[in-house]
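Structure record follows, encoded as structure tokens.
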Amino acid sequence: MTALYWIDTVALFAATGAFWAVSSLLLRLSLWLDRGNALLLAELATMGIVLMGITLLSFSLRYVGRPPRWPDIAALMGLAFVAAIAVPLFRHRIVLNPRLVANGSTALTLSPLGIMLSSIPTVFLL
């Protein structure tokens, strides 16, 4: 049963990583070609990185053999956080002004609310 949990968390982490990578790639293409809704793609990429942090916590603690009780509780709290920020995120209140900088990388502006909320996903990644 524990091996199945380990494989499930690997699959979830890989799926969220793929979601983030695809949405980031589409954002960059949208900005390069000046087509599509770059703000929506930036919001999807932001959602992907937050979800990736949550699944990374669950996967990494199972990988090293730690009991999964508190990581599961933290992951559920993280999913509740994602559900709570989804509304302001997709109403364009967190991520603003996606753009390409001179060296070709993508830059975003975070609102003050976004700066405040960014500390929570950072805890999951640490």
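The values are calculated or read from the model by the stated rules, or taken from the named source; none is laboratory data. All of these numbers come straight from a predicted model, not from anything done at the bench. Don't worry about glycine lacking a Cβ; one is built from the backbone with ideal geometry, like all the others, and counts go over all protein chains shown.
Values computed for the structure shown
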| item | result |
| --- | --- |
| Condition check for residue 12: assigned to a helix (DSSP H, G or I), free of Cβ contacts under 8 Å to residues at least 12 places away in the same chain, crowded, with 18+ Cβ neighbours inside 10 Å and among the hydrophobic types (A, V, I, L, M, F, W, C) | no |
| Single residue of region 71-123 satisfying the filter (among the polar types (S, T, N, Q) and under 21 Å from residue 56 (Cβ atoms)) that is surrounded by the most Cβ atoms within 10 Å (Cβ to Cβ) | 118 |
| Residue pairs meeting the criteria (Cβ under 9 Å; at least 6 apart or on separate chains; first on the phi < 0 side of the Ramachandran plot and outside any helix (DSSP H, G or I), in region 66-92; second charged (D, E, K, R) and modelled with pLDDT under 90) | 68/62 |
| Residues within region 97-126 that are outside any loop (DSSP other than H, G, I, E, B), more than 19 Å from residue 33 (Cα to Cα) and of a type outside the set (Ser, Thr, Tyr), tallied | 12 |
| Any hit, region 16-29, residues being more than 19 Å from residue 104 (Cα to Cα), surrounded by fewer than 20 Cβ atoms within 10 Å (Cβ to Cβ), among the small types (Gly, Ala, Ser) and modelled with pLDDT of 90 or more | yes |
